[in-house]
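The block underneath contains the structure these notes are about, expressed in structure tokens.
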Amino acid sequence: MSRTPALRSLTFLLAAALLALPGFAEPAKVVPRHVLDQIVDDDPFPLPRTKTSYELSLPLPEAIRGAAPAGTVTTPAEYDHNAGLLIRWGSFNDVLTSMAVGISTGDDDGIVYIAVSGSSQQASATAVLTGAGADMSQIEFLITPTDSVWMRDYGPRFVSEDGVRTMIDHTYNRPRPNDNNFPDFLAAQWSEPEYDIPLSHGGGNFHLFADGEALMTDLILDENPGLTEAQVEAYYQQYQGLDLTIVDALPQWFDATQHIDMWMFPVRTREVIVNQYTTEPAKTIADDTAALLQSRGYTVRRVDGWNAAGTHYTYTNAVVFNDIVFIPAFDGYPTENAAAVAAFQAAFPGKQIIPVDCTAIIQFAGAIHCIVMHVPEVGAITIFLDNFETGNLSAWSQVLQ
């Protein structure tokens with residue numbers, strides 16, 4: 001059964017209030033390594049996050065310009081309350097299993113929405129997830145063709161338009177038509193409004209904060225050569241209600257994607273984690289961005305990132321889902337892994353930190369943030385939860401009236 005905020009709003013308000021009480025929520029299950037090692041991918045030759053050599057010769061679809069939302073638009077941050085998480089099954093199924101099991105067992109109401117190619121793949125995914133300990137009552141499948149695992153880059157961005165959850169769709173900057181069509185499928189499947197922002201874009205090159213600030217790298221200008229920086233910023237204001245800042249990208253030889261989610265991670269409003277490097281020019285670019293944010297009043301935490309043998313290793317390509325934070329871990333780097341766990345524990349006190357083995361996926365120029373898209377809860381529930389945390393009783397009463 002498809003779950004919508006309208007159907008579960010009252011019960012969820014009560015459940016959220018109970019879960020916010022100290023000691024109420026159960027910890028998420030962590031799938032044992034020997035179980036994950038037995039999981040087999042449907043597609044043993046996944047597409048990388050970057051273009052393949054063949055794709056370099058193909059034209060990209062033209063960006064579509066649709067009308068901007070007419071109502072008041074705000075974009076929830078990833079650290080705000082989320083109703084669900086979108087993933088695509090088939091590649092790196094062990095990584096996906098770690099997160100699906102964690103969310104379905106550690107979050108009382110979070111839904112993991114899984115895109116599958118058909119009923120056969122759904123049955124296979126169900127068997128894997130059940131065997132790993134997932135709560136299948138919190139797993140929902142979406143049957144539709146897709147090309148790759150990189151849901152962050154082609155999935156829709158969700159906004160609130162006058163309190164109604166709405167999708168903003170960009171043109172995927174890869175010649176992968178099934179991926180590019182996924183937001184259209186989802187908007188029809190969920191009967192949610194959809195607006196086309198006229199940009200060729202990969203969604204991982206984007207981070208935002210709940211106060212309306214957002215950042216991306218200047219890759220966006222390379223991908224949209226007919227637009228100025230001011231025009232791109234205006235689009236984000238019109239379509240997502242955000243004040244965008246465009247910063248320098250890491251060089252492509254250091255980070256093949258040049259996406260900001262490979263070296264930055266929002267913690268909460270006015271707090272962020274930024275990678276620190278020893279190699280130039282990555283060091284200067286990250287340090288300059290950290291200094292810019294500090295000048296705006298941000299608390300900036302740092303965690304190590306590095307390039308080894310042409311692969312960019314990063315811990316900031318992480319996923320926060322309500323009270324759970326998934327972070328990458330890499331074989332052969334125990335000291336660095338432990339330091340990253342400590343850094344995220346300090347940044348997210350009270351949340352459960354779950355390392356996810358990204359040794360294989362990082363070779364394809366991405367990690368766990370790249371393969372998910374948050375599905376936020378918008379409207380009354382967001383107001384309720386925000387004010388529950390601050391003890392604003394008058395706001396609660398207004399919501400419940």
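The values are calculated or read from the model by the stated rules, or taken from the named source; none is laboratory data. All figures in this text were calculated on a predicted structure; none of them were measured in a lab. Here Cβ is always computed from backbone atoms with ideal geometry, including for glycine, and neighbour counts include all displayed protein chains. To get the accessible areas, we keep the full protein, side chains included, count just its heavy atoms, and leave off ligands, DNA and RNA. Shrake-Rupley method; radii C 1.70, N 1.55, O 1.52, S 1.80 Å.
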The chain, dipole about Cα centre (Lys/Arg Cβ +1, Asp/Glu Cβ -1), debye to the nearest 20: 440 debye
Given charges at beta-carbon only (K, R positive; D, E negative), |dipole| of the range 62-154 in Debye: 260 debye
Solvent exposure ordering (accessible area, 1.4 Å, most first) of SER53, SER200: SER53, SER200
Whole-number percent relative contact order across the chain, with pairs defined as alpha carbons under 8 Å at least 6 apart: 20 percent
Residues of type aspartates and glutamates that LYS283 reaches as a straight line, Cα spacing below 18 Å, ignoring anything fewer than 8 places off in the same chain: ASP218, ASP248, ASP255, ASP261, ASP304, GLU336
For VAL149, net neighbour charge (Lys/Arg +1, Asp/Glu -1) across residues whose Cβ lies under 13 Å away: -2
Computed accessible area, THR359, all protein chains, 1.4 angstrom probe, square angstrom: 40 Å²
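Roughly how many percent of the accessible protein surface of the range 263-343 is carbon and sulfur, given a 1.4 Å probe and a whole-percent answer? Provide the component values of the computation, followed by the final result.
Numbers: 1530 of 3000 Å².
The computed percentage sits at 51.
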Linear extension gain, GLU55 paired with ASP287, 0.36 nm per residue minus alpha-carbon span: 80.2 nm
HIS374 - accessible surface, heavy atoms, 1.4 Å probe, Å² rounded to 10: 10 Å²
Farthest toward positive dipole pole in the chain [+1 Lys/Arg, -1 Asp/Glu at C-beta], among SER119, THR311, THR284: SER119
THR269 versus ARG302: modelled label distance in nm, points set 7 Å from Cα along the beta carbon direction: 2.8 nm
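Please give the contour-minus-distance gain from THR130 to ASP331: 0.36 nm per residue of separation, less the Cα-Cα distance, rounded to one decimal in nm. Let's see the in-between values first.
Numbers: separation 201, 0.36 × 201 = 72.36 nm, distance 2.62 nm.
Stretched out fully, the THR130 to ASP331 stretch lengthens by 69.7 nm.
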Proximal aspartates and glutamates to LYS351, defined as alpha-carbon separation beneath 12 angstrom and excluding residues fewer than eight positions away on the same chain: GLU26, ASP107, ASP323
Whole-angstrom gap from the range 113-131 to the range 292-360, using each part's C-alpha centre: 29 Å
Hydrodynamic radius (Kirkwood) for the range 40-144, which is based on Cα pairs only, to one decimal in Å: 16.3 Å
Rounded accessible area of ARG165 (nearest 10 Å², 1.4 Å probe): 20 Å²
Separation of the GLU229 and GLU62 label points, Cα + 7 Å toward Cβ, nm: 2.9 nm
For the chain, projected area of the alpha-carbon convex hull averaged over all directions, nm²: 18.8 nm²
Accessible surface, the chain, averaged per residue in Å² (probe 1.4 Å): 40 Å²
DSSP H segments from the chain that extend 30 Å or more along their own axis, Cα-based, with Kyte-Doolittle mean of 1.6 or above: none
GNM flexibility winner over the chain from GLY131, GLY203, GLY226 (Cα, springs under 10 Å): GLY226
